[in-house]
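This report concerns only the one structure given below.
The values are calculated or read from the model by the stated rules, or taken from the named source; none is laboratory data. Bear in mind that the values here come from a model prediction, so they are computed numbers and not experimental data. FYI the Cβ positions are ideal-geometry reconstructions off the backbone, even for glycines, and counts take in every protein chain you see.
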Amino acid sequence: MTEALDIHGAMAALREGHHVRRAGWNADNSPLFLYLNQTGRAVAKFDPDTPTGGVDLSALDLGNPATVARMRHINGRRANGSTFSGWIATHADLTADDWTVMTVVGAEGAE
């Protein structure tokens, strides 16, 4: 078992490309991961010194005014393996100190 983290540690792990989850969540394989680019794959290195966090701005100019560029956000994976977009933390999540880093084989962003 890895060291328990608070929300700050969990967010730092997400920015480094890791998957995280809370120990109290029902499903054992329900991680969160950071979506950073148009390909839908987490990027291992986050660049906080740029306004886009390292996202290539050319991805926003796709030649079609109806194109929606997806910027970074947190996704989650359900126990059945499906992915949902736009996880929103509860107050309990924000104040918890039971966050852990997961190793997810074959998942987006996994090394």
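Just a few scattered comments:
- No other residue among Ala96, Ala79 is surrounded by 10 or more Cβ atoms within 10 Å (Cβ to Cβ), modelled with pLDDT under 85, more than 18 Å from Leu36 (Cα to Cα) and more than 13 Å from the chain's Cα centre (by Cα) apart from Ala79.
- Comparison of Gly17, Gly24 shows that the only residue that is at pLDDT 60 or above, closer than 13 Å to Asp98 by Cα and among the small types (Gly, Ala, Ser) is Gly24.
- Residue in the stretch 58-71 that is at pLDDT below 60, out of contact with any strand residue (DSSP E or B) (no Cβ under 9 Å at 6 or more places or on another chain), surrounded by 10 or more Cβ atoms within 10 Å (Cβ to Cβ) and not in a loop (DSSP other than H, G, I, E, B) present: yes
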